[in-house]
Amino acid sequence: MTNHSFRPAPPAPTSSYAPPAIGPTRPARSARTTDAFTRSVVRALDAGAERLPYRVTHRLQLASQAALAAQTAVLETVEASVFATVNAGSGARAGYDQPSLPWRLLVTLLPLAAIIAGFVAIADIGDALEADETAEIDEAVLTDEVPIAAYADHGFGVFLKNNRP
Amino acid sequence: MSATILVGMASRQELSDFLSSVERRAFKQAVFAVRDDDTALDLVQDAMMRLAERYGDKPAEELPMLFQRILQNRIHDHFRRNKVRNFWVTLWSALRGPPGEADDDFDPLESFEAEEGSQAAESTEDRVASEQSVRIIEEEIERLPTRQREAFLLRYWEDLDVAETAAAMGCSQGSVKTHCSRATHSLAIALRSRGFKS
């Protein structure tokens with residue numbers, strides 16, 4: 001079994017672990033990782049990550065480029081929406097690209113007035129039809145030979161009921 | 001005007017720097033979990049794309065935690081899909097007969113052998129010893145239980161604090177501390193048994 005060591009000195013007679021320094025892109029590790037054992041393991045992991053084959057690093061590079069392109073698209077979309085909002089606001093203030101107030105009121109109130117007029121017309125027509133029906137009934141009663149008081153008599157009502165064809 | 005409106009969002013350069021700094025470790029994390037280079041590359045690429053597409057407008061300081069959370073979710077999704085797929089494969093295999101020998105020959109060190117071969121030209125004694133040490137440590141990291149490995153790598157390798165690690169893992173800060181403690185303890189015992197002096 002090989003004898004490995006995390007301690008940098010003294011050098012062991014057999015192989016000792018001395019991981020290479022971390023690459024320039026790796027920022028200095030914060031002080032919260034203070035345990036010597038953990039730091040040694042982390043250095044070993046860094047060393048392993050630095051020794052990736054070209055096939056892997058190239059693929060990672062391509063993935064990063066694709067992600068950056070995606071982020072550019074997102075930022076452009078956000079920027080465009082922000083500009084659209086800003087332009088819409090300033091346009092309203094300056095009176096550009098927006099219809100004037102009378103026109104907007106007209107466009108809003110016209111359909112409302114049409115709906116109200118429709119309701120009024122329907123109500124009037126309904127009243128007129130009801131008045132016609134009442135007039136027809138009155139006319140029939142007045143032109144009948146039987147006096148109108150007879151219809152209020154209980155016996156006459158029974159007579160009509162019994163002699164109904 | 002856009003500079004003032006879009007202030008706070010990670011710039012292209014900041015995202016580029018972040019991805020450059022994290023891509024290798026992310027790949028190794030994924031390899032430790034899935035034990036396959038190509039699958040790990042796919043997972044890292046997915047995580048990068050999702051970070052850029054969904055969180056490309058977030059401040060740069062939020063990127064590490066967001067990326068780690070996405071990556072861990074991607075890894076877990078991979079295992080969930082495999083679990084379903086393996087169920088049907090097992091069912092199919094049971095119907096067809098006993099599995100072949102190749103199915104039982106999984107070697108956890110296999111992914112490191114190719115890496116070792118690519119470095120064969122630099123075969124000084126120290127280099128070999130160093131590589132061997134790295135390989136053993138990576139093997140033991142790989143053998144840790146999943147949650148312990150995640151906590152250890154996020155907390156110590158990615159240098160996230162406890163709260164960030166908990167957010168990335170979707171668990172409590174107490175669980176993170178427990179996982180880290182157990183991982184460190186298990187790792188120390190395992191490495192000592194393989195000839196490392198603590």
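Bear in mind that the values in this text are calculations on the coordinates, not laboratory data. What you see is a predicted model, and the numbers here were worked out from it, not measured in a lab. So basically every Cβ, Gly included, is an ideal-geometry build from the backbone, and we count neighbours across all protein chains shown.
A compact table of results
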quantity: Formal net charge of residues neighbouring residue A:59 (Cβ-Cβ distance under 11 Å; K, R +1; D, E -1); calculated: -3
quantity: Residues with amide H under 5 Å from that of residue B:197, placed H, sequence gap 5 or more; calculated: A:4, A:5, A:6
quantity: Under 30 Å from residue B:83, Cα to Cα: lysines that are on another chain or at least 8 residues apart; calculated: B:28, B:177
quantity: Local electrostatic count, residue B:184, Cβ distance below 12 Å [Lys/Arg +1, Asp/Glu -1]; calculated: +3
